[in-house]
Amino acid sequence: MRRKAFLHGALAVLVFLMGCAHPTPSTTLPDTGTFKTVKVHERVYALVGELGQRSPSNLGNNMTAGFIIGDDGVVVIDTSGSRAGAEVMVKAIRAVTDKPIRWAVNTGGQDHRWLGNDYFRSVQGARIIAAEEGLKDQRARGFQQMEMARRNIGEAGFAGTKEVHADTTFKGRHRLDVKGVQVELIYTGGAHTGGDLWVWLPAERIVFAGDSVFAERLLGIQPGLGFQWIAALERLRDELKPVTVIPGHGNVTTLDKALKDSLGYLLMLRDGSRKLIVDGAFDPVEVAEKLDQSAFSYLANFDDKRFRGQNAVRMAEEVFALQK
Ligand SMILES: [Zn+2]
């Protein structure tokens, strides 16, 4: 708890030093079920879930989601990994505001970004929005994700969850018609999944980064997506330049910290692979065995050797492919 308080204090000081237009320190409200609610700005809240795996107790909410309060309604960022998990999200939102939930954004194609869509649409009346590529990914992997989530969360927790897809999709950029706050959706070009998007508040310079940013937790590369993930994070750094990053996993953080844990890790894998290949490594498996990843041992889930080895193999595959 003390470390958490220190981190929030440090964040507030950093935001202040950076001369930000909204030096409001983030406040942590009491836990609501599977989430810790963090007030990031007058209208912006993060719902910080667990860093571990999907489980019966977290109902698939092992991610960071959030919401934005407009004059005319609430924008929900991500809809949970199950119907019951979506109900928990709404309870957390209702602890802060009773405005109607009118928009629900899926920041990507991974289960915990969209498996609560049905609840937000049919019970709350929200319009669901995703990037076109995000919808494609959800359709392609929906069945597999539903089965995996059911296994991890258990029949009881997963009961009533249905595969429901976005009402609106977009390419490039899409402005939400919410009043009192500018909310822009920007397609990342693909990061952790092919359809990841950013929810961008240009006036406050706050970004909901979805699965493009893992903070404090080891990320996982999907086959063939390592290089495009690097490109997306370089764009986040160079074009958006957010002051506050609400990651897809982990606590609310600064751009520097977000980049260190995500882009830093990806670049270490890419550059480390390149060097080992130049030095004669024969294949991706050899690269993974030899690559020293210990600079990132502070990340949650780093101890899972298979998981980090898989990241190295996948990045090395892309480096090898470029050389052919
Ligand atoms: Zn995720």
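Each residue, Glu132 and Ala95, gets one label point 7 Å from its Cα in the Cβ direction; the gap between the two is 4.0 nm. When Arg237, Arg274 are arranged by Cβ crowding within 10 Å, least crowded first, meaning fewest neighbours, the order is Arg237, Arg274. Legend: ranking of residues Val213, Val40 from fewest to most surrounding C-beta atoms inside 10 Å; resulting order Val40, Val213.
Just to confirm the filter: which trypsin sites (Lys or Arg not before Pro) across the range 162-215 are DSSP coil and have at most 15 other Cβ within 10 angstrom of their Cβ? Can you show the working numbers first?
Numbers: sites: Lys162, Lys171, Arg173, Arg175, Lys179, Arg205; in loops: Lys162, Lys171, Lys179, Arg205.
Filter output for the range 162-215: Lys162, Lys171, Lys179.
Fully extending the segment from Asp71 to Arg150 would add 24.7 nm, taking 0.36 nm per residue of separation and subtracting the current Cα-Cα distance.
Quick check on the range 64-187: take the gyration tensor over C-alpha atoms, sort the square-rooted eigenvalues as a ≥ b ≥ c, and tell me if it's rounded (a/c under 1.5), prolate or oblate.
Working: a/c = 2.36, a/b = 1.26, b/c = 1.86.
Here the range 64-187 falls in the oblate category.
To the nearest 0.05, how large is the calculated FRET efficiency for Ser297 and Glu239 if R₀ is 35 Å and r is the Cβ-Cβ distance? List each step's numbers first, then the result.
Numbers: r = 31 Å, r/R0 = 0.89.
According to the calculation, E is roughly 0.65.
For the range 215-324, chymotrypsin sites (Phe, Trp or Tyr not before Pro) meeting the loop criterion (DSSP other than H, G, I, E, B) and having at most 16 other Cβ atoms within 10 Å: Phe282, Tyr298, Phe302.
If each residue's Cβ is checked for other Cβ atoms within 10 Å, how do Thr64, Thr97 rank with the fewest at the top? Before the final figure, lay out the partial values.
On the way: Thr64 33, Thr97 14.
Final ranking by Cβ density, sparse to dense: Thr97, Thr64.
Size of the chain from its Cα atoms: along the principal axes, largest to smallest, the extents are 61, 47, 39 Å. Contact order, relative form, for the range 262-324: 45 percent (alpha carbon pairs under 8 Å, 6 or more residues apart, mean separation divided by residue count). Working from Cα pairs under 8 Å separated by at least six residues, relative contact order for the chain is 14 percent.
A short reminder: the numbers here are calculations on the coordinates, not readings from a lab. All values reported here derive from a predicted model rather than from experimental measurement. So basically every Cβ, Gly included, is an ideal-geometry build from the backbone, and we count neighbours across all protein chains shown.
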